[in-house]
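Each remark here refers to the structure printed beneath this line.
The values are calculated or read from the model by the stated rules, or taken from the named source; none is laboratory data. Nothing here was measured: the structure is a model prediction, and the numbers come from that model. Cβ: placed from backbone, ideal geometry, glycine included. Neighbour counts: every protein chain shown. Ligands, DNA and RNA are stripped out before the accessible areas are found, and what is left, the full protein with its side chains, is counted by its heavy atoms. Shrake-Rupley method; radii C 1.70, N 1.55, O 1.52, S 1.80 Å.
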Amino acid sequence: MSLADKSVFELIVEKHTANLHAGFRRWSEEMGAPPPALGDYRWTDDLILSTWYQAAHGHPPQDRLEYRVGRSGGGFDVLDFNFLPESQWLPENTEIDLSLPLNRRGDHLEKISIPLPIYGGGMSYGSVSEQVMLSRARNAAHWGTFTSTGEGGYPRSLTEYKDNVITQVATGMFGVREETIQNARIVEFKYAQGAKPGLGGHLLGDKATQTVSEIRESVPWVSLFSPFPFHSVYSVEDHRKHVDWIKQTNPRALVSVKVSTPTDVDMVAVGSYFAGAHIVHLDGSYGGTGAAPEIAKKNIAMPIEFAIPRVHRYLLSEEIRDRVTVMASGGIRTAWDIAKVIALGADGAVIGTSELVAMGCTRCSNCERGRGCPFGLTTTDPLLSQFVQPDWGAERLNNLYTSYATQLKDILRRLGLRSIAELRGRPDLLKYVG
Amino acid sequence: MTDNPNNNGNGYHRFHIVAERAPDVEKWPSRFNVRVRRSGLAKLIIKELLHYGPRNKDVILSRPCLYGVFSGPVGGFMPRDQHCVGCLRCTTEFPDFVRVSHNPERRKLGDSFFDFRVVDSVTYEAESGLIPVKGAGYRGKFGGEGWDGMWTDMSEIVRPTRDGIHGREFISTVVDIGARPNFLMFDEEGRSVGRTPHVFQIPLPLLFDVLPKSAASERTWRITARAATELGTLAVIPIGAVLQYNLESDHVAPLVRPGEKDALPVLEKAPRLIEMDGWEEGLYRAIHTAFPESLVALRIPFTSGQELLKFARKGIRVFHLTADYHGRDPKGAFVLDLIRRAHKAFVEAGIRQEVTLLGSGGIIHAEHVPKAILCGLDAVALDTAALVALQARFHGECRDRETSRFSLPRKLTLAWGAQRLVNLAASWRDQLLEIMGAMGLREVRRLRGEMGRAMFMEDLEREAFAGVNGYEPGR
């Protein structure tokens with residue numbers, strides 16, 4: 001199509017998309033120093049740029065950029081691996097198994113296994129664009145893993161990828177329909193989320209556009225709060241009834257329960273298991289992609305690094321550790337974080353922010369402002385959302401996952417382990433470098 | 001400003017703070033500096049003109065900023081720094097000639113404790129009365145010392161709903177100031193005998209502390225007094241200023257220093273609370289004699305439990321414990337630990353219910369209020385946060401009330417200043433509600449000293465990293 005055949009809208013999208021794509025490459029590969037205002041303690045400039053690099057190349061940068069840790073001064077950033085001496089590393093061609101079974105209950109339901117211990121966390125339609133959801137779904141389908149709808153409904157375009165899309169049922173029930181539950185191989189109950197533990201979801205009015213509110217069956221341009229908690233759940237027994245309701249609607253689906261990290265997170269995990277959960281998904285307090293009160297991000301509930309060992313040990317003591325899959329999320333930024341959280345006791349990790357960074361997020365925190373994300377990620381603005389085309393987004397995520405898989409295998413090889421399962425609950429393979 | 005439509009005409013009045021936008025009166029340095037190399041931009045325009053042609057003017061003029069940085073009459077040639085939100089899209093698109101950097105002048109606001117990030121937060125709260133809401137997760141340090149090493153609990157199930165906590169459901173932020181016996185006694189005929197509660201209530205656990213010397217003026221005293229009145233709380237103001245500017249009201253607690261005994265009789269009516277600045281037996285007696293119905297708060301620096309109990313035995317039931325503006329005592333202990341120590345001393349003596357602990361110093365952020373209450377305070381007296389709400393600039397490190405130097409905007413007016421403080425209180429109260437809502441608590445009085453709902457980094461790390469090579473607890 002020649003220039004003359006294109007509309008002004010198309011030309012504007014094309015111009016900025018091309019500039020952005022070139023910019024991601026130039027900043028992560030060519031410029032001598034990072035943008036001066038990029039990054040923060042958790043996601044440093046190096047981590048952001050190295051994620052852009054991985055999303056372009058499928059492997060971590062060879063030099064210059066620190067791609068493993070941030071500079072937060074705690075948690076994952078003060079842990080390293082206690083690698084074997086190089087002479088004891090497994091040979092590079094060793095077959096390393098990264099697969100993760102998601103159904104360990106021993107019931108008659110599908111024995112779903114994903115080829116690497118990662119899937120995508122819930123980011124709702126409205127909080128992110130349909131293009132971003134499609135990018136994530138395509139990548140999940142490519143890898144045979146999953147992504148989650150979040151609590152915003154199920155755009156029709158996702159149906160093609162339904163085998164790789166987790167349907168989330170959260171307290172607002174936004175967009176939850178019988179068919180979207182029936183679509184899913186995994187249904188996720190969201191009790192809480194790390195970005196705002198105990199506070200429920202929050203979509204600001206500016207982002208509740210006509211289309212978003214149609215899917216959510218709400219009023220356009222009105223802020224949406226997911227009420228907290230589930231009004232019908234006051235005990236593990238009530239929770240069990242919820243699980244039964246899902247099983248009634250979709251008898252095939254595995255059930256994941258997403259909770260945050262209160263002091264009694266261990267009891268919550270055990271309760272979730274006894275209520276019928278296949279997956280207990282713990283969302284620590286430092287993650288999250290959506291709008292959240294600043295006070296909630298830092299101060300409510302514990303970081304995932306502290307919650308996972310507590311849950312792992314308690315499940316062990318209850319002798320049910322091998323009957324439930326524990327997924328960790330909330331501030332997991334890199335392949336190294338994934339490996340560390342598994343060493344602390346999780347089975348796998350759920351990621352969100354790093355996927356957005358791979359697609360160009362600078363973590364500027366302006367997701368909620370006006371038209372939404374200026375990079376077209378956390379927005380439903382008709383022009384901005386065109387900056388992320390699903391093919392391009394899926395390719396970036398595929399590269400990121402490829403890089404993560406390579407790094408995980410390399411970490412295991414240097415620890416002398418042949419499978420990711422062997423790493424679980426091995427704090428002795430970590431070292432404190434704080 | 002506390003009037004509200006929830007008054008149902010039957011005497012029920014639901015506390016609500018009406019915030020009204022009160023924009024900055026003094027222009028502060030922008031958060032970011034945006035620099036555009038003009039030759040680079042000129043080249044780009046020529047290149048785009050040639051590529052798109054003059055008919056596609058809108059494409060050429062489409063700039064990579066949604067916030068108006070390049071929207072001036074000469075576009076990118078004179079970027080408007082004050083509109084920049086630091087998204088970095090412009091520099092991402094044009095790495096060769098656009099640079100966005102943090103503005104070092106902005107970073108000079110505040111001091112090493114009240115750093116520019118907290119200044120940003122407090123000024124937003126004072127301007128809007130809203131809770132700061134942002135996307136993209138937490139950006140700060142993992143933990144650290146003091147407040148940063150503490151997290152509050154949440155409950156997965158039982159709690160007031162979030163859609164309800166700012167609306168139809170109710171979380172009480174009322175606190176009692178005063179003395180209440182551990183139990184009541186009645187005679188055989190059911191009449192109460194012995195001590196009875198001597199308390200009054202304020203609708204939120206926030207007071208305004210006495211201003212530092214360098215910020216004290218008739219206008220600033222009037223601002224804190226008016227804000228306290230509008231909120232239904234208290235402002236601590238030196239008795240001299242109370243008398244000089246005729247500030248007596250139920251919402252002003254005169255601060256009386258040793259040697260100011262003679263000013264007491266000049267007060268026209270009994271204040272609800274009088275603060276005594278340091279212990280002086282004679283002054284204490286004089287206050288009691290002059291105003292037997294007033295509560296007396298002893299204002300002293302945080303001190304040992306033994307010392308506090310000594311004053312309790314002398315009859316003090318309200319303590320206003322102070323740390324310096326950085327939250328430290330002279331030995332360097334932090335206010336969080338100091339509060340816990342004071343609270344514990346009264347708990348162990350079995351009289352915690354009988355006393356009220358107010359605290360100030362080092363409590364500068366909305367999150368510090370619930371944390372201070374969890375550690376044992378009943379209410380918090382705002383000091384430097386109130387000054388920052390009024391756009392005060394710090395000159396050097398400001399630790400000490402006597403010598404710290406603050407300067408206030410020239411355009412400071414009574415109405416604007418009071419509204420800024422009301423807005424700050426509205427925002428902080430709403431954030432307190434968020435924390436309590438998440439914990440499932442319906443009353444701030446139940447938050448006090450509820451240490452089982454607090455988590456400390458040291459404890460969590462010790463438990464989580466047990467077994468990690470090289471980890472030494474407390475290192």
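Among the trypsin sites (Lys or Arg not before Pro) in segment A:26-72, those located in a DSSP loop and surrounded by at most 15 other Cβ atoms within 10 Å of their own Cβ are A:64. Would you please name the trypsin sites (Lys or Arg not before Pro) within segment A:394-434 that are DSSP coil residues with at most 15 other C-beta atoms within 10 Å of their C-beta? Counting only loop positions with at most 15 other Cβ atoms within 10 Å, the trypsin sites (Lys or Arg not before Pro) in segment A:394-434 are A:418. Under the simplified labelling scheme, the residue A:323-residue A:87 pair shows an inter-label distance of 4.6 nm, with each label point 7 Å from Cα along Cα→Cβ. Between amide H atoms placed 1.01 Å from N, distances below 5 Å from residue A:193 occur with A:198, A:199, A:200, all of them 5 or more places distant or on a separate chain.
Counting only DSSP beta bridges whose two residues both lie in segment B:236-357, roughly 5 percent are antiparallel. Counting only protein heavy atoms and a 1.4 Å probe, segment B:185-301 has 44 square angstrom of accessible area per residue. For chain B, DSSP calls about 40 percent of its internal beta bridges antiparallel. Built from the Cα atoms of segment B:32-106, the convex hull projects on average onto 4.9 nm², one quarter of its surface area. Considering only A:375, A:351, A:306, the residue lying farthest towards the positive end of the dipole of segment A:290-434 is A:306, judged by Cα position with unit charges set on Cβ. Could you work out how far helix B:116-128 tilts from the main Cα principal axis of chain B, as a 0 to 90 degree angle to the nearest 10? The answer is roughly 80 degrees. Projected onto its three principal axes, the C-alpha set of chain B covers 100, 62, 51 Å, listed from the longest axis down. Largest to smallest in accessible area, the residues B:127, B:397, A:355 fall in the order B:397, B:127, A:355 (1.4 Å probe, all protein chains included). Magnitude of the charge dipole for segment A:1-152, about its Cα centre and with charges confined to Cβ atoms of Lys, Arg (+1) and Asp, Glu (-1), is about 320 debye.
Backbone amide hydrogens, once placed in the peptide plane, bring residue B:298 within less than 5 Å of B:276, B:318, B:319, B:320, excluding anything fewer than 5 places away on its chain.
Just to confirm my numbers, what's the Cα centroid distance between segment B:291-342 and segment B:33-95 in Å? Taking the Cα centre of each part, segment B:291-342 and segment B:33-95 sit 58 Å apart. Estimated at the nearest 10 Å², the accessible area of residue B:170 is 90 Å² with a 1.4 Å probe.
Beta bridges per DSSP, both residues in segment A:100-432: antiparallel share near 15 percent.
Working note: Karplus 6.51/-1.76/1.60 with θ = phi - 60° gives segment B:429-442 the couplings 5, 4, 6, 5, 4, 4, 5, 5, x, 5, 7, x, 9, 9 Hz, where Gly and Pro are set to x. The C-alpha atoms of the protein assembly as shown occupy a region whose extents along the principal axes are 89, 71, 62 Å, arranged from largest to smallest. In a reduced charge model with +1 at each Lys and Arg Cβ and -1 at each Asp and Glu Cβ, segment A:100-432 shows a dipole moment near 720 debye about its Cα centre.
Of the accessible area of the protein assembly as shown, computed with a 1.4 Å probe over protein heavy atoms only, carbon and sulfur atoms account for 50 percent.
For a straight C-alpha distance cut-off of 16 angstrom, the lysines reachable from residue B:411 (same-chain residues fewer than eight places away being disregarded) are B:27.
Please work out the C-alpha center-to-center distance from segment A:275-298 to segment A:116-133 and express it in whole Å. Using only Cα atoms, the two centres lie 14 Å from each other. Among the listed pairs B:261/B:344; A:241/A:298; A:111/A:247, which have their C-alpha atoms separated by more than 26 angstrom in this model? The answer is B:261/B:344; A:241/A:298. Considering all different alpha carbon pairs of segment A:100-432, the Kirkwood hydrodynamic radius works out to 19.5 Å.
Basic side chains Lys and Arg get +1 at the Cβ, acidic Asp and Glu get -1 at the Cβ, and with that the dipole of chain B about its Cα centre reaches some 1780 debye. Over chain A, with a Gaussian network built from C-alpha contacts below 10 Å, which listed residue (A:130, A:214, A:86) shows the highest mean-square fluctuation? Greatest mean-square fluctuation among the candidates belongs to A:86. Net charge near residue A:333: determine it from the other residues with C-beta under 14 Å of the C-beta of residue A:333, scoring Lys and Arg +1 and Asp and Glu -1. Within the 14 Å Cβ shell, the charges total -2. Take residue A:231: with every protein chain present and a 1.4 Å probe, its accessible area is about 100 Å². Which lysines does residue A:431 reach when only Cα atoms under 22 Å apart count, and residues fewer than 8 places away in its own chain are ignored? Of all the lysines, those that pass the test against residue A:431 - Cα under 22 Å, at least 8 places apart if same chain - are A:340, A:409, B:141.
For residue B:269, a cut-off of 18 angstrom between C-alpha atoms picks up these aspartates and glutamates, skipping any fewer than 8 places away in its own chain: B:248, B:250, B:260, B:293. Applying the Karplus relation 6.51 cos²θ - 1.76 cosθ + 1.60 with θ = phi - 60° to segment A:203-220 yields 3J(HN,Hα) values of 10, 5, x, 4, 9, 8, 6, 4, 5, 4, 6, 5, 5, 7, 6, 10, 8, x Hz, where x marks Gly and Pro. Amide H contacts of residue A:430 (H built 1.01 Å from N, in plane; Pro and chain starts excluded): A:82, B:469 sit under 5 Å, all sequence-distant by 5 or more or on other chains. Applying the Karplus relation 6.51 cos²θ - 1.76 cosθ + 1.60 with θ = phi - 60° to segment B:95-102 yields 3J(HN,Hα) values of x, 6, 9, 10, 10, 10, 9, 5 Hz, where x marks Gly and Pro. What value, in deg cm²/dmol to 500, does the helix sum -39500 (n - 2.57) over DSSP H runs of n ≥ 4 give at 222 nm once divided by the residues of the protein assembly as shown? Per the formula, -9500 deg cm²/dmol.
Tally Lys/Arg at +1 and Asp/Glu at -1 over every other residue whose Cβ is under 15 Å from the Cβ of residue A:374; what's the total? The answer is +4.
Buried accessible surface for the B/A chain pair comes to about 7800 Å², total over both chains, computed with a 1.4 Å probe.
Across the cross-link table entries A:15/B:47; B:108/B:331; A:258/A:297; B:213/B:314, which are compared at the Cα atoms, the separations over 20 Å belong to B:108/B:331; B:213/B:314.
Shown for chain A are the DSSP H helices of 24 Å or more along their axis, judged by Cα atoms, with a mean Kyte-Doolittle hydropathy of at least -0.5: A:8-25. In this view, the solvent-accessible surface of residue A:159, computed with a 1.4 Å probe and all protein chains in place, comes to about 50 Å². Please give me the summed charge of the neighbours of residue A:429: other residues whose Cβ is under 11 Å from its Cβ, Lys and Arg +1, Asp and Glu -1. That works out to +2.
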